[in-house]
Amino acid sequence: MAEEKTPVLAIMRPESYREKSEALAQDYGFEPLYVPMIRLEGIKDEGFEPFIQRVLAGTSDYVVFTSANGISFTLDKLSETEKKDFITALKKIRVIAIGPNTEKELIKIGINKSFLPGDYSSEGIVKALCSEVKGKKVDLARSAFGAKVLIEGLEKCGATVYETHVYTLSIPEGTAQKELIERTLAGEVNAFAFTSSMMVKGFMKH
């Protein structure tokens with residue numbers, strides 16, 4: 001009787017998630033095939049310095065991080081002294097986290113009292129905050145591909161919203177990506193893990 005093959009799971013998350021994702025796939029009985037279809041790249045736009053200054057000055061009422069990446073790419077742009085001052089200032093502001101991973105990243109840096117909406121989405125944040133943000137300043141630190149619905153929704157609720165892009169997403173192209181498509185067409189991949197719409201776009205582009 002032929003030995004049953006371990007099913008192959010294609011994981012297309014950014015490289016920084018490799019170790020954790022491969023371990024999880026193996027725990028569930030899959031052979032992980034790790035081929036990133038998204039690359040994360042830090043950027044610093046014209047809104048970054050004003051954002052930092054509002055936090056340090058205490059003039060920002062809310063700071064919204066839509067992902068753990070938004071936190072890490074924000075801190076990466078600061079010196080050690082600036083990081084310390086920024087985190088200290090954040091503790092005096094209402095910090096909003098989308099999703100438990102974002103909340104965990106905040107806890108790692110000492111922000112233990114962030115607000116986590118029950119609905120992990122832009123719409124969920126708008127619904128949760130709408131009744132309290134009128135006349136308030138809200139800062140968003142996120143990717144360059146963030147949905148406009150969050151800004152528009154908070155503005156309709158009466159908030160003044162500032163947005164800074166701390167990282168962007170791109171689609172990597174190389175031998176690994178080409179081989180994934182070839183193996184897919186050959187029927188050698190049993191399952192696919194898509195964790196974002198951008199990942200789907202990257203896969204379909206190839």
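For this structure, a couple of remarks:
- Test: N69 is in a helix (DSSP H, G or I), of a type in the set (S, T, N, Q), under 15 Å from A141 (Cα atoms) and in the same structural domain as E163 (by TED's automatic domain parsing): yes
- If you go through the range 183-200 and pick out every residue that is in contact (Cβ under 8 Å) with a residue 40 or more places away in the chain and farther than 13 Å from I11 by Cα, you end up with 3.
- The helices (runs of 4 or more DSSP H) falling completely within the range 105-206 that include 3 or more residues that are surrounded by 14 or more Cβ atoms within 10 Å (Cβ to Cβ) and not assigned by TED's automatic domain parsing to the domain that holds D76 map to 175-185, 197-205.
- Filter result for V64 (touching a residue at least 24 places away in the same chain (Cβ under 8 Å) and within 26 Å of V149 (Cβ to Cβ)): yes
- Answer from T88, T102 - the residue that is buried (at least 19 other Cβ atoms within 10 Å of the Cβ) and not in a strand (DSSP E or B): T102
- Evaluation of R13 against (1) in contact with a Lys or Arg (Cβ under 7 Å, 6 or more places away or on another chain); (2) outside the structural domain of H165 (by TED's automatic domain parsing); (3) assigned to a loop (DSSP other than H, G, I, E, B) (one fails), failing number: (1)
- Flag for F145 being under 24 Å from the mean Cα position of the chain (by Cα) and more than 30 Å from L90 (Cβ to Cβ): no
- Close pairs (8 angstrom Cβ cut-off, 6 or more residues apart or separate chains): within 16 Å of G47 (Cα to Cα) in the range 137-156, surrounded by fewer than 16 Cβ atoms within 10 Å (Cβ to Cβ) and among the polar types (S, T, N, Q) anywhere: K137/T59; K137/T160; V138/T160; S143/T168; A144/T168; F145/T168
The values are calculated or read from the model by the stated rules, or taken from the named source; none is laboratory data. None of these values were measured; they are calculated from a predicted model. Here Cβ is always computed from backbone atoms with ideal geometry, including for glycine, and neighbour counts include all displayed protein chains.
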